[in-house]
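Asks: For reference, the structure I am asking about is given below.
We did not get these values from a lab; they are worked out from the coordinates using the rules stated. Treat the numbers as computed from the prediction; the structure is a model and nothing was measured. Cβ placement follows ideal geometry from the backbone for every residue including glycine, while neighbour counts extend to all protein chains displayed.
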């Protein structure tokens, strides 16, 4: 009986103990990596790495595209799924959006009769293509029950093929100013951050988010709790597709061209960002804040390596290593948490 | 709390030397302590095992039994204290070291590889090799056949483990443990998944092992098993050693009070049941190949028990009604209206709730908090402007925790860290928050301790007296008989009969459950 009375609520400490460390620790890693390059910068090039706004802006711009994909794939991974198609869907969406954003003074436009359209048309088309691709991914997974790895692998290959077939591999350029404005200056960063905030809130405070975590934690329990698991999976994959579509629009606007080779292997960077940020491939665990920091870590590393003059191939070798180490550390931490 | 524990344990801890003659102990555990971050799992515990005897280990969940056994089997290392094997201090750094020293453990979870044969599973890691250091399958087959024959287990050594029933797999686990020819065999709830016949079989194997001078440590929650096979009983509570007594010097009541540290005057509350009007009427329900011809009525305020052995289709009936696996034939009438339920969310809307059989498999969201686990089924009713009404939900959950006495440091606590009983209460809370009219409970007290069981029984009775219609599926006969107004008995997918409280005896139910009518 006493044991029941002893049960004093201790909400506050438990909350901070549970919430802070994951994001904080990867944030510290981010700062650490930045400082390492700072030191190397002074030693090897006699200049600051961090105190260079131009470099930082460029880095964050680069992160924005991968970051958009990573926000989508984080949600997919939380449901124990995976999305390999985001890079290809980005390219397809970039091609289709760009083809509807060309100016009329270009004689070799893809659709000569469809030039000088209002800017919302290519944007909606690009987003729509992404949404459709995601919905197809989700429907195939939900209806046939095949592993997400296979379904999205198929989409990855097909979407890339379609992007090439669309213009026979020709790039689509001469885009209207109002379209390229989407990629101008800090716009990509703003879009990325707004999307991150939206989905951070959605995952934490809405039914959509709770259901996403529930499905990832225990799909069978989710179903018995009255969650329409199949429908929800279609929604999650559709959102991931939509974000890939958005990334395609932003990328083509920024480059002022649509190319079928865009976003090559971005899906892997996006998955890496999510995983470095603490999203568990076993599902049920993951947060947008972590993913954003994970994407920043990848960006800082790429920018830093170039800054200190590390060979591009060696960069990849180190990047691969860091991804594996991040997951090993994460797993070790989870094991310690569960080992009781 | 601890004061009362030591007080009650003092007389129990002293075993009079003239009762049990002095003989060398096979295994002694002396002053062992073990802590995990934030909790003390074991503090200064003792234990000793004699050759040729069965020592039953009892205690509520979280009492530290499994932790101690994992220390003995080399899975955990103690923070303090000593293990002595035949008087010599030993230290096991790995489970392998313990095995080589002669201690084998049958785990609660089945650890077999489904795609490999029985023989391969039993000899994994120590395969019989031929001259070329290749696996000698012939010899392995012979060894397995001999082993199975000795244990009177009627299985083909080449059968894939994946094709075996859960009970058969458990027997293979037992054979595997015996095959190490260890001096000490630890069995962690070996009967939780097997039928009466197999339990009897297991007990005869244990008797054989005993006569060969082996020491057996037997963890269980089932009283009747303790009195059937144990020579001595050691009791643990809250990580502390309470005492060790000869089994024949105790009875159920004294054992329970030793385990919970208080008298449980009555496990099953008495209920004045003003049974109300007809709520649910099921006619000829069937699921192809699984069960058929299931008909019953359920009234408000009534508890209908469903008894039957594993695989009798009890759980499938519940899942068919709830829409997890929709039925393929028959009718369900709710308040006289025919209903068609093809998915759980439809069932929930109509006022059904199903507490599933296997918490881990289909109940818990392991990585989520207690709050999130509790709120999951009612979320659609707590959404305003797209956002979850977190405050209202939290208030509701806090209220439920209080009513159901869910012991948790906070609602933010990850549900994995709760004991089995508290997890079960949190899941029950999940369903009670939906205000169900028909509550289906599938093995509501599986794997939880006596104290929590009593609380769950009390809750179920209370809910029924408030007019809820309850279906309770259970393998534990005393539980079904103690709680139900009527008992439905199933056998291999058939409804064998429905007994009123007055005619439902253990013998009668067992008869029907084994297919004799």
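Asks: Rg and Dmax of segment A:278-338 over Cα atoms: what are they, in angstrom?
Replies: 13.7, 42
Asks: Place the peptides B:131-142, B:159-170 in order of packing, highest mean first, counting for every residue the other Cβ atoms within 10 Å and averaging per peptide.
Replies: Descending mean neighbour count gives B:159-170, B:131-142.
Asks: First check a/c for chain A, with a ≥ b ≥ c the square roots of the eigenvalues of its C-alpha gyration tensor; if it is under 1.5, answer rounded, and if not, answer prolate when a/b is larger than b/c or oblate otherwise.
Replies: oblate
Asks: For segment B:198-308, what number results from the quotient of the Cα radius of gyration and 2.2 N^0.38 Å?
Replies: 1.62
Asks: Another one. Using the 2.2 N^0.38 Å rule of thumb for compact globular proteins, work out how segment A:90-147 stacks up: its C-alpha Rg over that value, please.
Replies: Scaled against compact globular proteins, the figure is 1.46.
Asks: Ranked by Cβ crowding within 10 angstrom, fewest neighbours first, how are A:120, B:431, B:123 ordered?
Replies: Least crowded to most crowded, the residues run A:120, B:123, B:431.
Asks: A further question on this structure: Which ordering of A:105, B:156 is given by a fewest-first count of other beta-carbon atoms within 10 Å?
Replies: So the residues, fewest neighbours to most, are A:105, B:156.
Asks: Sticking with this one: Between segment B:342-369 and segment B:45-80, what's the alpha-carbon centroid distance in Å?
Replies: With segment B:342-369 and segment B:45-80 each reduced to a Cα centre, they are spaced 35 Å.
Asks: At a Förster radius of 25 Å, what calculated FRET efficiency corresponds to the Cβ-Cβ distance of residue B:208 and residue B:77, to the nearest 0.05?
Replies: After rounding to 0.05, the efficiency reads 0.15.
Asks: In nm, what is the difference between 0.36 nm times the number of residues separating residue B:325 and residue B:159 and their Cα-Cα distance?
Replies: Residue separation times 0.36 nm, minus the Cα-Cα distance, leaves 56.8 nm.
Asks: Moving on. To test your reading of the geometry: what angle, between 0 and 90 degrees and rounded to tens, separates the Cα axis of helix B:137-150 from the longest principal axis of chain B?
Replies: 80
Asks: I would also like to ask the following. What share of all Cα pairs of segment B:390-492, in percent, falls into each consecutive 5 Å distance bin?
Replies: Spelled out per bin, shortest first, that is 2, 11, 23, 24, 19, 12, 6, 3, 1, 0.
Asks: Here is a further query. If each DSSP helix of 4+ residues adds -39,500 (n - 2.57) and the sum is divided by the residues in chain B, what number results at 222 nm, nearest 500 deg cm²/dmol?
Replies: Taking each H run of at least 4 residues, the total per residue is -10000 deg cm²/dmol.
Asks: Give me the orientation-averaged projected area of the Cα convex hull of segment A:107-258, in nm², one decimal.
Replies: Average projection, Cα convex hull of segment A:107-258: 10.4 nm².
Asks: Quick one: give the max-minus-min coordinate of the C-alpha atoms of segment B:113-175 along each principal axis, largest first, in Å.
Replies: Projected onto the principal axes, the Cα atoms of segment B:113-175 cover 37, 24, 15 Å.
Asks: Further question: How far is it, in nm, from the label point at residue B:516 to the one at residue A:231 when both lie 7 Å from their Cα along the line to the Cβ?
Replies: About 5.2 nm, to one decimal.
Asks: Under a point spin-label approximation (7 Å from Cα along Cα-to-Cβ), what is the residue B:297-residue A:58 distance to one decimal in nm?
Replies: In this crude spin-label approximation the distance works out to 8.3 nm.
Asks: Compute the FRET efficiency between residue A:184 and residue B:278 as 1/(1 + (r/R0)^6), taking r as their Cβ-Cβ distance and R0 = 60 Å, and round to the nearest 0.05.
Replies: Efficiency at R0 = 60 Å is approximately 0.25.
Asks: Report, to the nearest 10°, how far helix A:11-40 tilts away from the longest principal axis of the Cα atoms in chain A, using its own Cα long axis and a range of 0 to 90°.
Replies: The angle comes out at about 50 degrees.
Asks: Further question on the same structure: If I model a spin label at residue B:435 and residue A:201 as a point 7 Å from the Cα along the Cα→Cβ vector, what separation in nanometres do I get?
Replies: Inter-label distance under the simple model: 3.0 nm.
Asks: Separate question: Looking only at other chains, what is the average number of their beta-carbon atoms within 10 angstrom of each beta-carbon in B:315-324?
Replies: Mean partner-chain Cβ count within 10 Å for B:315-324: 1.
Asks: Here is a further query. Normalised radius of gyration for segment B:254-394, please: alpha carbon Rg relative to 2.2 N^0.38 Å, two decimal places.
Replies: Rg over 2.2 N^0.38 Å, computed on Cα atoms: 1.31.
Asks: Grab the beta carbon distance between residue B:257 and residue A:47, set R0 = 56 Å, and tell me the FRET efficiency rounded to 0.05.
Replies: 0.15
Asks: Against the longest alpha carbon principal axis of chain A, how many degrees, from 0 to 90 and to the nearest 10, is the axis of helix A:86-99 turned?
Replies: Around 30 degrees separate the two axes.
Asks: Would you list the P(r) distribution for chain B, with all Cα-Cα distances sorted into 20 Å bins from 0 and each bin expressed as a whole %?
Replies: Percent of pairs per bin, in order: 20, 51, 27, 2.
Asks: Tell me what chain A gives for mean residue ellipticity at 222 nm when only DSSP H runs of n ≥ 4 count, each as -39,500 (n - 2.57), the sum divided by the residue total, rounded to 500 deg cm²/dmol.
Replies: It lands at -24500 deg cm²/dmol.
Asks: What is the order of B:94, A:103, fewest Cβ neighbours within 10 Å to most?
Replies: In increasing order of surrounding Cβ atoms, one gets B:94, A:103.
Asks: If you average over every viewing direction, what projected area does the convex hull of the Cα atoms of segment B:278-513 give, in nm²?
Replies: 12.6
Asks: A further question on this structure: Looking at the P(r) of segment B:75-193, how many percent of alpha-carbon pairs lie beyond 17 Å?
Replies: 60
Asks: Residues of B:410-417, mean number of Cβ from any other protein chain within 10 Å of their own Cβ, rounded to a whole number?
Replies: 5
Asks: Convex hull volume of the Cα atoms in the protein assembly as shown, per residue, in Å³?
Replies: It comes to 214 Å³ per residue, whole-number rounded.
Asks: So if each residue of separation counts as 0.36 nm, and I subtract the Cα-Cα distance between residue A:111 and residue A:168, what length gain in nm does that give?
Replies: That works out to 19.1 nm of additional length.
Asks: Here is a follow-up. From Cα pairs below 8 angstrom and at least 6 apart in sequence, can you work out the relative contact order of chain B, rounded to a whole percent?
Replies: Here the relative contact order equals 15 percent.
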